[in-house]
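J.: The structure under discussion is supplied below as structure tokens; questions concerning it will follow.
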Amino acid sequence: MTGHANRPTQAAATLAAVALLVALPANAQVDLGTEEQQAAGKVVYDKYCGQCHGDTGDGNGYATPRVKPKPRDFTTGTYKFRTTPNGTLPTDDDLRRIIEIGAPYTSMPGWPNLTSAEIQNVIYYIKSFSSAFENPDRYAEPIEIPRPLESTEESVARGRVVYEEQGCAACHGEVGRGDGPSAPTLVNDKGDPIRAADLTQRWTYRGGPTKEDIYRTFSTGLNGTPMPSYADSLEVEDRQDLVSYVYSLGDGDDPNYGTLITAVYSEEPIDLQDGETLDALFESAPMTRFPLVGQITEPGRNFFPPVTSIEAQAVYNRDEIAFRVRWHDLRADTSGRNNPSLEVPTWDEDNGIGGDAADDTGDDFFGDAGGDDFFGDFGGEEAPAEDDFFGDSGDDFFGDGGDDFFGTAEAGAGGAEFSDAVALQFPASLAPEETPELKPYFLYGDAQNPVDLWFVNLTYGVADTFRGRGSDAIEPTEADVVEAVTSYDQGAWTVTYKRRRSSRAGVSFAEEQYTPVAFSVWDGFNRERGNKRALSSWFYVYTEPSVEQAVAGPVLRAALIVLVVELLVVFLVRRRARQKAAEEAASGGTLTATEAPAV
Amino acid sequence: MWGLNLPIVLALAAIGGVLAWRRAHTLVWLLYTGGALWAFFRFGFAVPIPQSVATIYLGITGLALVCYASSSRERLAETVQPIQRLILEPRYRLALAGLLVALPALAAYNAYVDLTMPLEAPGFGREIHPPPPTELTVHDETIDMATAENPYLHYKHDDPELYGKHVENGRRVYYENCFWCHGDGMGGDGMFAHGLNPVPSNFNDVGTLPALQSSFVHWRIAKGGPGMPAGGTPWDSAMPAWEKFLTTEEMWDVNLFIYDFNGFEPRALGQH
């Protein structure tokens with residue numbers, strides 16, 4: 001505490017605060033801006049915000065049906081990321097923070113191009129959508145966020161106890177991968193399915209990755225979601241320990257996405273059935289994380305894949321090469337069907353948008369396709385050429401899931417219609433030397449340049465190989481034998497592949513070779529199948545030389561070359577100087593000689 | 001500011017100022033200029049510039065420095081004189097020995113760093129705006145790429161209300177289809193952009209949309225990545241061939257919208 005000398009000042013400050021409170025009731029915080037400010041905010045909002053949050057602020061913009069989590073509905077006055085207690089309104093600074101930096105891995109971007117004044121005006125306009133902001137009782141002072149603790153072992157251990165006692169694992173999972181038993185059933189207060197955060201991937205935290213952000217979330221809760229506030233049930237110290245623990249689960253602030261798998265050489269045999277030796281083998285291989293995004297280029301589009309990254313590594317010996325991939329999934333779906341060419345209806349149909357379903361959901365963007373004589377076809381993906389791409393448009397789409405995005409109620413109860421799956425993709429042959437940049441189309445290849453898929457349906461856990469010549473031309477192939485083993489542990493899938501390095505029909509993995517590789521992941525819970533998948537662009541696998549390259553030789557050579565050049569320069573300069581001196585001496589000598597008689 | 005790393009640039013300028021004030025020797029000036037340029041290209045920019053560009057500039061400036069030093073007999077003599085003295089005069093023998101050791105050591109270190117550098121995936125150049133075809137057929141309708149314009153652009157002056165409707169329809173199309181990659185604010189920074197290579201086009205860039213005819217943009221929209229010639233590495237592009245998903249009108253409308261949103265006009269016909 002402070003010394004005696006400060007007491008009078010403190011008392012004065014308290015008095016002043018009390019006087020202020022008496023003079024101005026809580027509605028001192030109500031600041032809705034002037035009409036001009038709101039009008040200026042509307043201009044910015046209409047240009048940058050309305051497409052998702054709706055021109056009337058109801059969270060129902062053009063993009064809304066296709067994004068997940070759903071854009072905020074500003075008419076409710078409910079906000080997730082606040083420094084204020086549970087159930088109260090956010091401060092202007094809370095709103096400003098999200099506008100400035102956005103919410104990672106959602107469709108809310110940061111808006112660094114907006115000026116401070118523009119953001120303030122937008123805040124005034126956003127607040128005008130909900131009458132809650134006119135009610136002084138809905139406001140509260142921000143909570144105090146203490147300086148974060150050092151993550152000591154003790155603090156982390158105490159935090160683990162809190163994690164267990166508070167039942168965090170029910171949603172976030174035993175080791176924090178967002179795979180708790182309740183995770184598949186979570187919905188927000190509007191009934192939209194939502195996901196528990198994967199605590200091991202801090203860069204995806206919607207509210208921010210710092211210890212202060214985590215503490216804030218514990219202390220204020222995320223209004224409108226199942227994430228409660230622990231302000232009343234946990235002491236400050238407990239919450240700080242919990243921060244230490246959750247922070248310790250994280251794999252860094254940054255995903256450190258890479259572009260290359262380095263396959264390391266080993267003398268050992270690669271035996272997929274011997275788990276321990278296999279793990280030891282992969283221990284020596286560097287792990288690279290690759291970003292995955294939704295397949296939105298071809299029909300069967302996937303606008304919000306839950307799996308946002310995959311880790312991969314590779315080892316090889318004299319004859320064989322093995323790849324290991326790992327990704328997080330909130331539930332192992334191992335009962336449904338899946339394969340790379342499974343047909344997917346149009347996005348609208350798959351999600352119950354269009355026709356009768358549109359009336360049910362009150363969606364006015366897709367429903368009135370025929371009604372509007374000016375814009376004509378409003379039907380999203382119902383393009384003129386549609387028939388060429390979807391053979392099964394007559395199927396009963398609405399029977400199998402309707403408008404859910406993250407799994408149906410039945411899916412939550414157990415069996416999913418589609419199983420989890422993964423595929424590695426390689427070119428069927430390497431690029432010719434004269435055009436090294438040439439690759440097959442990264443979406444399942446093309447007619448001239450096919451790809452090979454090493455596909456594992458996790459219902460069966462064995463690898464099937466397919467040859468792709470485009471999204472509509474994928475055929476099973478048996479030219480090469482690819483083996484695989486799979487495991488699901490605490491929210492993480494691990495799949496290990498093995499194949500002979502030389503291939504009869506596909507690509508061979510020679511030493512010191514860069515081979516293009518791409519990834520696909522299907523989350524059965526998200527009803528992903530066929531071309532509805534998470535995928536990566538082309539990356540590379542590099543088969544490291546089996547014999548370690550000597551560094552000493554080239555280093556010595558470089559030093560020697562420089563030394564020789566130096567010595568040469570010194571030698572030449574000195575010789576020149578000597579010659580000059582000799583010439584001078586010679587000419588001097590002549591002079592002396594000619595002058596000599598005169599002396 | 002201006003994409004520069006100001007502290008570095010100011011420090012380099014300050015050193016130059018001191019050298020000018022102390023009337024430094026020509027050789028010192030040459031060494032300073034070379035070193036400062038290297039440091040400027042290496043550390044002076046907030047955003048790293050491509051190594052190849054830096055190498056070209058350094059090569060040219062290095063050549064210029066040599067030209068300067070050898071531009072007159074006097075200057076050349078003045079420049080090399082300290083070097084000659086270092087090599088010849090006995091009192092600098094220790095310094096010369098040090099240099100003879102230090103330079104090869106530096107070269108060795110450089111070679112070592114090169115050899116132990118973490119591997120990177122091979123990179124290949126690509127044409128950002130590959131040459132368009134002369135004719136374009138979309139939904140059985142063929143247009144001449146050289147003369148075709150956005151059929152709704154003229155409404156901007158003739159019928160602003162109708163223009164507004166087309167722009168609004170384009171806005172709908174954009175936010176139903178495009179912003180995942182090209183971004184809400186069209187900065188090429190949508191939520192999927194980080195997973196794509198090549199990165200999505202940035203429509204805020206004054207060097208992109210205003211430099212292109214609307215027919216070129218229409219070609220890119222309708223035929224997407226697969227419609228590019230090989231120079232554009234079509235196999236890497238995630239840009240869909242939108243003719244599969246959208247009507248011709250929707251494609252022109254979204255074309256209109258991305259120009260309107262950024263306050264740009266398409267490059268006019270015959271304008272270079």
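The values are calculated or read from the model by the stated rules, or taken from the named source; none is laboratory data. No experiment lies behind these values; they were computed from the predicted model shown. Here Cβ is always computed from backbone atoms with ideal geometry, including for glycine, and neighbour counts include all displayed protein chains. Note: accessible area is taken over every heavy atom of the protein model, side chains too, but ligands, DNA and RNA are not part of it. Shrake-Rupley method; radii C 1.70, N 1.55, O 1.52, S 1.80 Å.
J.: Among what's in the range A:479-504 and is surrounded by 14 or more Cβ atoms within 10 Å (Cβ to Cβ) and among the aliphatic types (A, V, I, L, M), pick the residue that is nearest to A:ARG324 (Cα to Cα).
T.: Among residues in the range A:479-504 that are surrounded by 14 or more Cβ atoms within 10 Å (Cβ to Cβ) and among the aliphatic types (A, V, I, L, M), the one nearest to A:ARG324 (Cα to Cα) is A:VAL495.
J.: Select, from B:GLY170, B:GLY207, B:GLY164, the only residue that is under 15 Å from the mean Cα position of the chain (by Cα), of a type outside the set (A, V, I, L, M, F, W, C) and either part of a helix (DSSP H, G or I) or more than 8 Å from every other protein chain (Cβ to nearest Cβ) (or both).
T.: Numbers: B:GLY170 fails: under 15 Å from the mean Cα position of the chain (by Cα); B:GLY164 fails: under 15 Å from the mean Cα position of the chain (by Cα).
Answer to the selection: B:GLY207.
J.: Out of curiosity, is A:ALA170 open to solvent by 20 Å² or more (accessible area, probe 1.4 Å), outside any loop (DSSP other than H, G, I, E, B) and hydrophobic (A, V, I, L, M, F, W, C)? Show your work before the answer.
T.: Details: open to solvent by 20 Å² or more (accessible area, probe 1.4 Å): yes; outside any loop (DSSP other than H, G, I, E, B): yes; hydrophobic (A, V, I, L, M, F, W, C): yes.
Against the criterion (open to solvent by 20 Å² or more (accessible area, probe 1.4 Å), outside any loop (DSSP other than H, G, I, E, B) and hydrophobic (A, V, I, L, M, F, W, C)), A:ALA170 qualifies.
J.: Residue under question is A:ARG533, and the condition is that it be under 23 Å from the mean Cα position of the chain (by Cα), within 14 Å of chain B (Cβ to nearest Cβ) and touching a residue at least 40 places away in the same chain (Cβ under 8 Å); does it hold? Walk me through it before giving the result.
T.: Working: under 23 Å from the mean Cα position of the chain (by Cα): yes; within 14 Å of chain B (Cβ to nearest Cβ): yes; touching a residue at least 40 places away in the same chain (Cβ under 8 Å): yes.
In short, yes.
J.: Where residues in the range B:70-87 are farther than 21 Å from A:VAL562 by Cβ and among the hydrophobic types (A, V, I, L, M, F, W, C), which of them is surrounded by the fewest Cβ atoms within 10 Å (Cβ to Cβ)?
T.: Only one residue fits best here, namely B:ALA77.
J.: List pairs: first in the range A:538-558 and farther than 14 Å from B:ALA105 by Cα and within 8 Å of another protein chain (Cβ to nearest Cβ), second modelled with pLDDT under 90 and not in a loop (DSSP other than H, G, I, E, B), Cβ under 6 Å, 6+ apart or cross-chain?
T.: Listed pairs, sorted by first residue: A:VAL551/B:LEU115.
J.: Out of the range B:90-143, which residues are within 12 Å of another protein chain (Cβ to nearest Cβ), at pLDDT 90 or above, open to solvent by less than 60 Å² (accessible area, probe 1.4 Å) and not in a helix (DSSP H, G or I)?
T.: Of everything in the range B:90-143, those that are within 12 Å of another protein chain (Cβ to nearest Cβ), at pLDDT 90 or above, open to solvent by less than 60 Å² (accessible area, probe 1.4 Å) and not in a helix (DSSP H, G or I) turn out to be B:VAL138, B:HIS139.
J.: Kindly establish whether A:THR465 is of a type in the set (Ser, Thr, Tyr), modelled with pLDDT of 95 or more, closer than 16 Å to A:ALA314 by Cβ and buried (at least 17 other Cβ atoms within 10 Å of the Cβ). Spell out the reasoning first.
T.: Numbers: of a type in the set (Ser, Thr, Tyr): yes; modelled with pLDDT of 95 or more: yes; closer than 16 Å to A:ALA314 by Cβ: no; buried (at least 17 other Cβ atoms within 10 Å of the Cβ): yes.
Against the criterion (of a type in the set (Ser, Thr, Tyr), modelled with pLDDT of 95 or more, closer than 16 Å to A:ALA314 by Cβ and buried (at least 17 other Cβ atoms within 10 Å of the Cβ)), A:THR465 does not qualify.
J.: Give me the residue from the range A:244-283 that is among the polar types (S, T, N, Q) and within 14 Å of another protein chain (Cβ to nearest Cβ) and, out of that set, farthest from A:ALA510 (Cα to Cα).
T.: Filtering first and then ranking leaves A:ASN256.
J.: Condition first: open to solvent by 10 Å² or more (accessible area, probe 1.4 Å), in a strand (DSSP E or B) and within 14 Å of chain B (Cβ to nearest Cβ). Now tell me which residues in the range A:284-312 satisfy that.
T.: Across the range A:284-312, the qualifying residues are A:THR288, A:ARG289.
J.: Please go through (1) surrounded by fewer than 13 Cβ atoms within 10 Å (Cβ to Cβ); (2) of a type in the set (Lys, Arg); (3) assigned by TED's automatic domain parsing to the domain that holds A:ARG324 for A:LYS580 and return the number of the only condition it doesn't satisfy.
T.: (3)
J.: Would you tally the residues in the range B:21-30 being exposed (fewer than 11 other Cβ atoms within 10 Å of the Cβ) and either closer than 20 Å to B:VAL66 by Cα or of a type outside the set (Phe, Trp, Tyr) (or both)? Walk me through it before giving the result.
T.: As a first pass, look at the range B:21-30 and keep what is exposed (fewer than 11 other Cβ atoms within 10 Å of the Cβ): B:21-23.
Restricting the remaining residues to those that are either closer than 20 Å to B:VAL66 by Cα or of a type outside the set (Phe, Trp, Tyr) (or both) gives B:22-23.
Within the range B:21-30, residues that are exposed (fewer than 11 other Cβ atoms within 10 Å of the Cβ) and either closer than 20 Å to B:VAL66 by Cα or of a type outside the set (Phe, Trp, Tyr) (or both) number 2.
J.: Please tell me if A:ARG160 is closer than 21 Å to A:SER248 by Cβ, exposed (fewer than 14 other Cβ atoms within 10 Å of the Cβ) and among the basic types (Lys, Arg). Steps first, please.
T.: Working: closer than 21 Å to A:SER248 by Cβ: yes; exposed (fewer than 14 other Cβ atoms within 10 Å of the Cβ): no; among the basic types (Lys, Arg): yes.
The answer is no for A:ARG160.
J.: Given the criterion among the basic types (Lys, Arg) and within 12 Å of chain B (Cβ to nearest Cβ), identify the matching residue among A:LYS439, A:LYS498. Working first, answer last.
T.: Numbers: A:LYS498 fails: within 12 Å of chain B (Cβ to nearest Cβ).
Of the residues listed, the single one that is among the basic types (Lys, Arg) and within 12 Å of chain B (Cβ to nearest Cβ) is A:LYS439.
J.: Among residues belonging to the range A:97-115 that are in contact (Cβ under 8 Å) with a residue 12 or more places away in the chain and open to solvent by 40 Å² or more (accessible area, probe 1.4 Å), point out the one that is farthest from A:GLY294 (Cα to Cα). Full working, then the answer.
T.: We begin by selecting, within the range A:97-115, every residue in contact (Cβ under 8 Å) with a residue 12 or more places away in the chain; these are A:97-101, A:103-108, A:111-112, A:114.
Now drop any that are not open to solvent by 40 Å² or more (accessible area, probe 1.4 Å), which leaves A:97, A:100-101, A:104-105, A:108, A:112.
Details: A:ARG97: 27, A:GLU100: 25, A:ILE101: 22, A:PRO104: 16, A:TYR105: 12, A:MET108: 16, A:PRO112: 25 Å.
My answer is A:ARG97.
J.: Kindly evaluate A:VAL344 against the criterion of being at pLDDT 95 or above and in a loop (DSSP other than H, G, I, E, B). Talk me through it step by step, then tell me what you get.
T.: On the way: at pLDDT 95 or above: no; in a loop (DSSP other than H, G, I, E, B): yes.
Here the answer is no, as A:VAL344 does not meet what is asked.
J.: Any idea which of (1) modelled with pLDDT of 90 or more; (2) within 11 Å of chain B (Cβ to nearest Cβ) is the one A:LEU568 doesn't satisfy?
T.: So the condition that A:LEU568 fails would be (2).
J.: When the range A:212-265 is examined, which residues are found to be in a helix (DSSP H, G or I) and either farther than 24 Å from A:PRO104 by Cβ or touching an Asp or Glu at 6+ places or on another chain (Cβ under 6 Å) (or both)?
T.: At the first step, the residues of the range A:212-265 found to be in a helix (DSSP H, G or I) are A:212-220, A:236-249.
A:VAL236, A:GLU237, A:ASP238, A:ASP241, listed by residue number.
J.: (1) closer than 25 Å to A:GLY445 by Cβ; (2) part of a helix (DSSP H, G or I): which one isn't true of A:ASN339, the others all being true?
T.: Status for A:ASN339: all satisfied but (2).
J.: Considering (1) crowded, with 20+ Cβ neighbours inside 10 Å; (2) over 30 Å from A:ASN302 (Cα atoms), say which one B:VAL173 fails and leave the rest.
T.: (2)
J.: Sort out which residues of the range B:213-238 are within 9 Å of another protein chain (Cβ to nearest Cβ), of a type outside the set (Gly, Ala, Ser), within 23 Å of the chain's Cα centre (by Cα) and surrounded by fewer than 23 Cβ atoms within 10 Å (Cβ to Cβ), and write them in order of number.
T.: Keep residues of the range B:213-238 that are within 9 Å of another protein chain (Cβ to nearest Cβ), which gives B:224-226, B:230, B:233-238.
Now restrict to residues that are of a type outside the set (Gly, Ala, Ser): B:226, B:233-236.
This time we only want the ones that are within 23 Å of the chain's Cα centre (by Cα), so: B:233-236.
If the condition is that a residue be within 9 Å of another protein chain (Cβ to nearest Cβ), of a type outside the set (Gly, Ala, Ser), within 23 Å of the chain's Cα centre (by Cα) and surrounded by fewer than 23 Cβ atoms within 10 Å (Cβ to Cβ), then B:THR233, B:PRO234, B:ASP236 are the ones that fit.
J.: Continuing with the same structure: Specify the residue that is farthest from B:VAL138 (Cα to Cα); the eligible residues are those in the range B:235-264 that are of a type in the set (Phe, Trp, Tyr) and in a helix (DSSP H, G or I). Give the steps one after another, and end with the answer.
T.: Restricting attention to the range B:235-264, the residues satisfying the condition of being of a type in the set (Phe, Trp, Tyr) are B:235, B:242, B:245, B:252, B:257, B:259, B:261, B:264.
Filter once more, keeping what is in a helix (DSSP H, G or I): B:242, B:252, B:257, B:259, B:261.
Numbers: B:TRP242: 10, B:TRP252: 11, B:PHE257: 19, B:TYR259: 21, B:PHE261: 25 Å.
Going through the qualifying residues, I end up with B:PHE261.
J.: Going by the conditions given, is A:PHE133 open to solvent by less than 30 Å² (accessible area, probe 1.4 Å), closer than 17 Å to A:GLN38 by Cβ and hydrophobic (A, V, I, L, M, F, W, C)?
T.: So A:PHE133 fits the description; yes.
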